[in-house]
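> To start, I am sharing the structure in question, which I have written as structure tokens.
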Amino acid sequence: MERDASSTSPFDCPVGNLPVELHSAIFLIGQAIERSEREMEILDEEEYTGPSSPFEVRVSHVNALWRSVALSTGQLWTDFVVQPGYSSESVEAYFSRSKQCLLDVQLRNCPETSITNNILSALFQDSIRWRSCIIEAGLNSWTMNQIVPIAAPNLERVEFVVKAPNRARRFDEVWQGRPVLNGGCPGLKEVTLRGFALHFARPPLSSVTRLHLDFRGHLPLNYDEFRELLTNAPSLENFSINGVVIESTPHNHTHTVIVLPKLLRLGISSLHGQVYSGILLTVRAPLLQSLILEGAQDSDLDPFLDAPYDLPHLRSFSLCGSAFAPSKLNKIYVLFPSLEEIVLMDMVFNPSEILRVVSESIRDLGLAPLHLILSTLSTGQEPHTLVLMLNPDQRSDLRELLQQRLIDEDVVDLDNSKWSFIKFFDWLQNFVTAEILLSVTT
């Protein structure tokens, strides 16, 4: 069948005849996919290999129709980025094309020039349109001074990164720091504070449900300051800490605990071992479901495990890059009977006494040999999973033999733990798989 040459025009083909609204929706989906791919590569610490120009720019240069649709779709132009080497013409074009849509703002170490300040002044005056913002700047920079009084009623997410001051600061001077967004941000849900933003760029936290604190400097918060910060965030559901956010011995002040009535997830990663128990002993979270500890070693939780408080809803306990003896993990299960899983990630330790007992029991029973299966975990070594194939009779025999061996060798005290062996054996199966996965090499 012959086709008329004119029918190949994008204006005559079905794509060209699509409604403008559908074109806009397709463009927005394409932009979201590319943005997601870029974010994934950043999370994986890989260099972004995608196109050099943004999706919205490329799609606006295909033909006249697509350009008209792209320029009239304000949502395509809401990424507002100012950083060293930026194009002021490009930023001004984005600002104009975004119409009255909500903006996602990134201000990273903005050069303090008259052109940049004029652009930022217009942006700050239009802060009612901010949906999210990432600001990275020096303590005494023009940018940081400007965000103190503004109001952002539609703001949902913020990340502030404040560099260390040029001169040393006294501890009391730091605590006198300054709040930001004083005009109000009632819709704010997610906050990340890095570096000295912990002291000098604190937004209102009353409506915040997700808070991440990252500080590696020499002036961490003392207990009273830490308590004041968290008591201003009564709606927290997800709280994570990285670095040395709080002084190393906060648990000396447990007579005034911090109650977070809605907290569901708590994550702690610290350079000082005392911080783990310190925070766990000072934060009361009756609804906590997930506890994630990164870098904690075997003795770091002793103060907390020696005087724990009830966590009736705790379902998941995760350890990353930690070293815990099986007996310590068993104690955690005993103290928190609602636990459904212990997740072990990037563990580095030698095979344990439980693993030895399990291996000897398997050998003595003459069961089928263990089979090596390559794991997909990404670690420095090449870990393997040992999978034991058992029929119901073999499983019953192994359970009975393990019970006797573990009790005889005092590996676990089931009689005094108020914990049935059946429950222990069910846990042991998962635990052994995880431990062999991370400790056995070929």
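The values are calculated or read from the model by the stated rules, or taken from the named source; none is laboratory data. None of these values were measured; they are calculated from a predicted model. Heads up, the Cβs are rebuilt from the backbone with ideal geometry, glycines too, and the neighbour counts pull from every protein chain shown.
> Checking the structure you have, find out if any residue of region 109-127 is in a strand (DSSP E or B) and either closer than 23 Å to S206 by Cβ or outside the structural domain of H23 (by TED's automatic domain parsing) (or both). Spell out how you get there, then give the answer.
Residues of region 109-127 in a strand (DSSP E or B): none.
No, there is no match, as no residue in region 109-127 is in a strand (DSSP E or B) and either closer than 23 Å to S206 by Cβ or outside the structural domain of H23 (by TED's automatic domain parsing) (or both).
> Restricting to region 340-360, name every residue that is at pLDDT 70 or above and buried (at least 18 other Cβ atoms within 10 Å of the Cβ). Let's see the steps before the verdict.
Just the residues of region 340-360 that are at pLDDT 70 or above, to begin with: 340-343.
Within region 340-360, I342 is the sole residue that qualifies.
> Also, quick follow-up: Could you list, in sequence order, the residues of region 84-135 that are among the aromatic types (F, W, Y) and closer than 23 Å to V57 by Cα? Steps first, answer last, please.
Of region 84-135, the ones among the aromatic types (F, W, Y) are 86, 94-95, 124, 130.
The answer is Y86, Y94, F95, W130.
> In addition: Taking region 55-92 as the search range and keeping residues that are in a helix (DSSP H, G or I) and of a type in the set (D, E, K, R), which one is modelled with the lowest pLDDT?
Looking only at region 55-92, we keep the residues that are in a helix (DSSP H, G or I), and these are 55-59, 64-72, 74-77, 88-92.
Checking the rest, the ones that are also of a type in the set (D, E, K, R) come to 56, 58, 67, 89, 92.
Numbers: E56: 79, R58: 88, R67: 85, E89: 87, E92: 88.
Top of the filtered list is E56.
> May I ask you to list pairs of residues, at least six apart or on different chains, whose Cβ atoms are under 9 Å apart, with the first in region 228-249 being over 19 Å from G295 (Cβ atoms) and the second being among the charged types (D, E, K, R) and assigned to a strand (DSSP E or B)?
Pairs found: L229/R202; N232/R202; L236/R210; E237/R210; E237/R265; N238/E190; N238/R210; N238/R265.
> One residue is enough: does region 293-315 have a residue meeting the conditions assigned to a strand (DSSP E or B) and over 19 Å from the mean Cα position of the chain (by Cα)?
Step one: of region 293-315, the residues assigned to a strand (DSSP E or B) are 293-294, 297.
After this cut, where a residue has to be over 19 Å from the mean Cα position of the chain (by Cα) as well, the list is 297.
Taking every residue of region 293-315 in turn, at least one turns out to be assigned to a strand (DSSP E or B) and over 19 Å from the mean Cα position of the chain (by Cα).
> Taking region 50-83 as the region of interest, how many residues are in contact with a Cys (Cβ under 7 Å, 6 or more places away or on another chain) and within 15 Å of I33 (Cα to Cα)?
Qualifying residue count for the region: 1.
Yes/no matrix, rows are residues, columns are (1) of a type in the set (D, E); (2) farther than 15 Å from H199 by Cα; (3) free of Cβ contacts under 8 Å to residues at least 12 places away in the same chain; (4) surrounded by fewer than 17 Cβ atoms within 10 Å (Cβ to Cβ):
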site: I115; (1), (2), (3), (4): no, yes, no, yes
site: Q125; (1), (2), (3), (4): no, yes, yes, yes
site: C133; (1), (2), (3), (4): no, yes, no, no
site: A137; (1), (2), (3), (4): no, no, no, no
site: V161; (1), (2), (3), (4): no, no, no, no
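> For region 228-237, enumerate the residues that are crowded, with 18+ Cβ neighbours inside 10 Å and not in a loop (DSSP other than H, G, I, E, B).
Within region 228-237, L229, L230 qualify.
> Considering each residue of region 178-227, count those that are without any contact (Cβ under 8 Å) to a residue 60 or more places away in the chain, in contact with a strand residue (DSSP E or B) (Cβ under 6 Å, 6 or more places away or on another chain) and either assigned to a strand (DSSP E or B) or among the aromatic types (F, W, Y) (or both), and give that number.
18
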